[in-house]
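Student: Below are the structure tokens for one structure; questions will follow.
Since every read-out is calculated from the coordinates, none of them should be taken as a lab result. Note that the structure is a prediction, hence the values are computed from the model and not measured. Virtual Cβ from ideal backbone geometry, glycine too; neighbours counted across all protein chains shown.
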């Protein structure tokens with residue numbers, strides 16, 4: 001059960017082309033977001049679609065794959081872990097963000 005403490009699995013579509021940055025010797029980081037959509041019926045019987053956006057971070061070899069093969073609209077499955085970051089903006093307000101550090105990535109659908 002130790003592996004289940006901080007684990008996220010998602011299937012979704014990229015909202016934009018990933019931003020990939022290289023630094024140091026042979027190090028890369030890719031940042032992008034995916035959308036997941038759930039559809040359900042509310043109490044009035046109306047169909048409701050709920051889309052959630054998730055910020056993802058990939059490192060090194062996974063970032064290479066992201067850079068080479070993924071683009072806006074790509075359909076992927078990921079597995080990773082949640083991380084939370086906080087900082088203060090210029091006005092001194094505390095800001096927060098949640099990201100998913102991707103451990104595994106699978107491309108779904110057909111080749112473009």
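Student: So if I take the centroid of the Cα atoms in segment 31-70 and the same for segment 72-94, what is the distance between those two points in Å?
Tutor: 13 Å
Student: Still on this structure: When N is the residue count of the chain, what does its C-alpha Rg come to as a fraction of 2.2 N^0.38 Å? Intermediate results must be reported in sequence, preceding the final value.
Tutor: On the way: Rg = 16.5 Å, N = 112, 2.2 N^0.38 = 13.2 Å.
Cα Rg divided by the expected 2.2 N^0.38 Å: 1.25.
Student: Let me ask you something else. Multiply the residue gap between residue 77 and residue 106 by 0.36 nm, knock off their C-alpha separation, and tell me the result in nm, one decimal place. Provide the component values of the computation, followed by the final result.
Tutor: Details: separation 29, 0.36 × 29 = 10.44 nm, distance 0.51 nm.
Difference between extended and current length: 9.9 nm.
Student: For segment 71-112, what does the alpha-carbon gyration tensor say about shape, rounded, prolate or oblate, given a ≥ b ≥ c as the root eigenvalues, a/c under 1.5 as rounded, and a/b over b/c as prolate?
Tutor: Working: a/c = 6.38, a/b = 2.39, b/c = 2.67.
Oblate is the answer for segment 71-112, as a/c is 1.5 or above yet b/c matches or exceeds a/b.
Student: Can you pull the one-decimal nm distance between simple spin-label points at residue 98 and residue 25, each 7 Å off the Cα toward Cβ?
Tutor: 3.9 nm
Student: Tell me, in nm to one decimal, what length is gained between residue 55 and residue 17 on full extension, where the rule is 0.36 nm per residue of separation less the Cα-Cα distance? Could the numbers behind the result be given before it?
Tutor: Numbers: separation 38, 0.36 × 38 = 13.68 nm, distance 1.27 nm.
Full extension from residue 55 to residue 17 adds 12.4 nm.
Student: Suppose R0 equals 35 Å; then what is the FRET efficiency for residue 4 and residue 41 from their Cβ-Cβ distance, rounded to the nearest 0.05? Could you put the intermediate results ahead of the total?
Tutor: Values: r = 31 Å, r/R0 = 0.89.
Once the sixth-power term is evaluated, E becomes 0.70.
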